[in-house]
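What follows is a set of notes on a single structure, which appears directly below.
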Amino acid sequence: MRVGILTGGGDCPGLNAVIRAVVTKGERQYGDEVVGFRNGWAGVMEGDVMPLSAERCRDILPLGGTILGTSRANPYAIEGGAQAVRATLEREAVEALVAVGGDDTLGVAGQLAREGVPVVGVPKTIDNDLGVTELTFGFHTAVQTATEAIDRLRTTAESHHRVMVVEVMGRDTGWIATYAGIAGGAAEILIPEEPFDMAAVCDRLRAHHGRDVSASVVVAAEGARPRDGEIVVQSDQRDAFGHARLGGVGRVVADEIEARTGFETRLTVLGHVQRGGTPTAFDRVLATRFGIAAIDAVHDGHSGKAAVLQANQIRLAPLEDLTGKAKLVDRDLYETVAGALVSFPD
Ligand code: F6P
């Protein structure tokens, strides 16, 4: 069988592990020829093909990023885009496609599947906000990176008795902020799900910072917003899926804390550092399990489905169940676990 694979949307650690699993199992067990499409849906529309083999994928397991490249191209936002996808698949004699991506990429995959194109999805995002799957690969690595950064920031903050605001990724949900905040012992965790009250945040920080600690860490997801304010965007420019570029809430929070409390406050924006570098062992394993499940699903004749993690088992779920609605941070984790140890936005 000739199988195509693409990686779309923001990259994340573990993408190469998926590619390796699909190609290696496809070639060795099923006798497949697997071809990659460069740069997400853009490569499928343009017919930009990269031949893949188990030999080519031998050393890519620990590599961050994606050897295929990625983009946020959307065939349904371009006149004739979906037809171009179909034409390429026909010309390349690709019988099934594995689409590795987040909400946007899998949304396109679902639409193509409904129109008769055989597609199986693999969920990825450091944000961990795709529905139905308990985890996406890349998240664990991002949390590890953010936690290490918080640990480093804490020692310098202690020397100077400062408040450190750390802005992490998380457009619609605060999974990275919550996990890294708990792991890093943050005083405050601000997430998109819970608009925060700046006055209350400062009251709690006064109690926390002034008392027995010489440093306070505030973790803010980029999508967090004040109760009476808007999400902070870097620019109004929108991508092909309509998303603005977020970032800047950390600056607002840090300035407000310093102005209201008088505590010397510094900001660190972790940004794309969280998406780069080698995947953790956990993410390599999860990505590999997803890749194996995807190529098996292709050979079992599935389409319009994605590999997901449920109760530590890999299962298949309809693509529609993963997309369109962000999986919000677990209330119990935020309120009971984080809430017991951090002063908490009310
Ligand atoms: O992939 C999700 C994400 O990392 C979001 O957390 C973030 O808002 C966005 O991607 C950044 O995208 P870009 O790489 O286009 O700046």
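The figures follow:
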item	result
Interchain or long-range residues, amide H under 5 Å from GLY223's placed H	GLY170
Sequence of SER216, SER159 when ordered by accessible area, the most exposed leading, probe 1.4 angstrom	SER159, SER216
Using θ = phi - 60° and Karplus 6.51 cos²θ - 1.76 cosθ + 1.60, couplings along the range 126-131 (whole Hz; Gly, Pro as x)	5, 5, 6, 10, 7, x
Choice from HIS243, HIS208, HIS299 showing the highest fluctuation, given a GNM over the chain with Cα pairs closer than 10 Å	HIS243
Phi to ³J(HN,Hα) by Karplus 6.51 cos²θ - 1.76 cosθ + 1.60 over the range 53-59, Hz, x for Gly, Pro	8, 4, 4, 4, 8, 4, 9
Viscosity 1.306 mPa s, temperature 10 °C, Stokes-Einstein D of the range 104-221 from Kirkwood C-alpha radius, µm²/s	99 µm²/s
Per residue solvent-accessible surface (Å²) - the chain, probe of 1.4 Å	40 Å²
Cα→Cβ-extended label distance, 7 Å offset, between GLU90 and GLN310, nm	3.6 nm
Residues with amide H under 5 Å from that of LYS325, placed H, sequence gap 5 or more	GLY131
For peptides 87-98, 48-59, sequence by mean Cβ density within 10 Å, most packed first	87-98, 48-59
For the chain, share of DSSP beta bridges that run antiparallel, in % to the nearest 5	25 percent
Size-normalised alpha-carbon gyration radius of the range 1-76, reference 2.2 N^0.38 Å	1.04
The chain, dipole about Cα centre (Lys/Arg Cβ +1, Asp/Glu Cβ -1), debye to the nearest 20	600 debye
Carbon + sulfur, % of accessible area of the chain - ligands and nucleic acids excluded, 1.4 Å	49 percent
Proportion of all alpha-carbon pairs of the range 184-224 beyond 11 Å (%)	65 percent
Net +/- balance of residues flanking ASP48 in space, Cβ distance below 14 Å, scoring K and R +1, D and E -1	0
Cα-based convex hull volume of the chain per residue, rounded to whole Å³	120 Å³
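The values are calculated or read from the model by the stated rules, or taken from the named source; none is laboratory data. Quick caveat, the model's predicted, so the values are computed rather than measured. So basically every Cβ, Gly included, is an ideal-geometry build from the backbone, and we count neighbours across all protein chains shown. Side chains included, ligands, DNA and RNA excluded: accessible areas come from the protein's heavy atoms. Shrake-Rupley method; radii C 1.70, N 1.55, O 1.52, S 1.80 Å.
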